[in-house]
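Scroll down for the structure; my scribbles are underneath it.
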Amino acid sequence: MSGLRTSVLFGGADLTVDEMANVGSDAEARGVDGLYCVEAYRSGLVPLAALAFATRRATIGPYVLNASFRTPFAAALEALDLSEISSGRLELAVGSGNPHISRHWLGVAPAPPLAQMRDYLQVVRMVLRARPGERVSYRGPAHSIDWVRQAAAGTNVHIPVYLAAVSPKMLQLAATAADGLALGALTSPAYVRDVIRPLVRTAAEQAGRDPAELGVKMCAMVAVHEDRAEAADQARRAVAGVFGAHPHPYYERLLKEQGFGVQLNKCLAELAAGKAEAAAGAFDAVIDSVMIWGTPADCAARLSAYEGMVDEVVLANTATPAVPGADEAVTRYRPLLEVIERARRAAGPKAGLDSEPGHPMRGLGPR
């Protein structure tokens, strides 16, 4: 654990912004390295302002921005503002998003993801790096810009831009055009080691980039409970829940590529029949690979599997959502924070704690 950063992901549906800030402050005091927000049931950016003011050291950021929600220019301007108010602690992660969400929630036709994200990354990074008086000009098939930077605020801070990816072509794009890679949940450390890292390392080297320059974050869903049986049930329900609201091609592909196609198909069939419990039961053989689950001590020990695979694990709490506004909504995060505290105590008192905001990206160089 000595080199692994551990962070917390807020889903957005279970906490008010004020509660999120309170949990964030508590988490930072307990040694958490980063605080991130999902973009689904609330903005992936606005709550970060509250987290910025509630904390002093922890990295903040969206995990991840849906490129269909806003233009790259708007995303870059908002990132500059958040970087300024957080004293340079913002890290930006973007992705093409779920095409079903784009179509049904946003009412927009999904763009070809590879061309869209290539242009998106280019525009965002150009705006973030522009100096006062510098013209930013770019024309691509999906996004274009012609703009002159005026404001000086935030121009001396490097804002890393991570790309969410799972397909080989999107992973290659991350290796050649982003500062790092943001991996989603339901990804096993073994899959990162055997498939993702070699592919991205090769793509970076072929593009003339040093793989060690690329940062790698990874989301992991955590089911923690003093009763192991309850934790296992919670873990199975969490995996099935990913597919309960709407189709999710990203995670369907990811599970199939890791050898869990049979279990996924059974889950989808049970969900279609309205059998939620049976759908969750389909993932008995999956949770050990793609989840962190068990007692607080179990979960802290499982974190060690990510050491050397990624730079940072972003932990998503899977406890059953409380009624919004209830005190229990905040205390639900305490077991997750206990997991991080236990892992840090096992590694030593200074493990993973930065004296200054931000952190160096260690990347995909030889381990």
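The values are calculated or read from the model by the stated rules, or taken from the named source; none is laboratory data. Fair warning: this is a prediction, and the values are worked out from it, not measured in the lab. As a convention, Cβ positions derive from the backbone with ideal geometry for all residues, glycine included, and neighbour counts pool all protein chains shown.
Restricting attention to the stretch 248-255, does a residue exist that is more than 22 Å from the chain's Cα centre (by Cα) and among the aliphatic types (A, V, I, L, M)?
no
Got a sec? Which helices (runs of 4 or more DSSP H) wholly within the stretch 165-277 have at least 2 residues that are in contact with a His (Cβ under 9 Å, 6 or more places away or on another chain)?
In the stretch 165-277, the matching helices (runs of 4 or more DSSP H) lie at 228-241.
For Val323, all conditions in the list (1) modelled with pLDDT under 95; (2) in contact with a Gly (Cβ under 6 Å, 6 or more places away or on another chain) hold save one; what is the number of the exception?
(2)
Under 7 Å between Cβ atoms, which residue pairs at least 6 apart in sequence (or on different chains) link something in the stretch 21-34 that is free of Cβ contacts under 8 Å to residues at least 60 places away in the same chain with a partner that is among the hydrophobic types (A, V, I, L, M, F, W, C) and part of a helix (DSSP H, G or I)?
Ala21/Ala50; Ala21/Leu51; Ala21/Ala54; Gly24/Leu51; Gly24/Ala54; Ser25/Ala54
Could we say that Ser25 is over 22 Å from Tyr120 (Cβ atoms), touching a helix residue (DSSP H, G or I) at 6+ places or on another chain (Cβ under 6 Å), among the small types (Gly, Ala, Ser) and assigned by TED's automatic domain parsing to the domain that holds Tyr120 here?
Criteria met by Ser25.
Taking into account only those residues within the stretch 29-41 that are in contact with a helix residue (DSSP H, G or I) (Cβ under 8 Å, 6 or more places away or on another chain) and modelled with pLDDT under 95, which is surrounded by the most Cβ atoms within 10 Å (Cβ to Cβ)?
It comes out as Gly31.
Need the failing condition index for Glu277 against (1) more than 15 Å from Ala185 (Cβ to Cβ); (2) touching a Gly at 6+ places or on another chain (Cβ under 7 Å), just the number.
Unmet for Glu277, out of (1) more than 15 Å from Ala185 (Cβ to Cβ); (2) touching a Gly at 6+ places or on another chain (Cβ under 7 Å): (2).
Across the stretch 236-287, what is the total count of residues that are out of contact with any strand residue (DSSP E or B) (no Cβ under 8 Å at 6 or more places or on another chain), surrounded by 14 or more Cβ atoms within 10 Å (Cβ to Cβ) and closer than 19 Å to His225 by Cβ?
Result for the stretch 236-287: 8.
Criterion first (modelled with pLDDT of 90 or more, outside any loop (DSSP other than H, G, I, E, B) and surrounded by 17 or more Cβ atoms within 10 Å (Cβ to Cβ)) does Ile145 satisfy it?
Yes.
Could we say that Ala297 is in a helix (DSSP H, G or I) and touching an Asp or Glu at 6+ places or on another chain (Cβ under 6 Å) here?
So Ala297 fails the test.
Which residue pairs have Cβ atoms under 8 Å apart, sit 6 or more places apart or on different chains, and have a first residue in the stretch 174-203 that is in the same structural domain as Tyr120 (by TED's automatic domain parsing) and a second that is basic (Lys, Arg) and in a strand (DSSP E or B)?
Cβ pairs passing all conditions: Gly180/Lys217; Leu181/Lys217; Ala182/Lys217; Leu183/Lys217.
Which of the residues spanning the stretch 47-67 are surrounded by 24 or more Cβ atoms within 10 Å (Cβ to Cβ) and part of a loop (DSSP other than H, G, I, E, B)?
Ala58, Tyr63, Val64, Ala67 - these are the residues of the stretch 47-67 that are surrounded by 24 or more Cβ atoms within 10 Å (Cβ to Cβ) and part of a loop (DSSP other than H, G, I, E, B).
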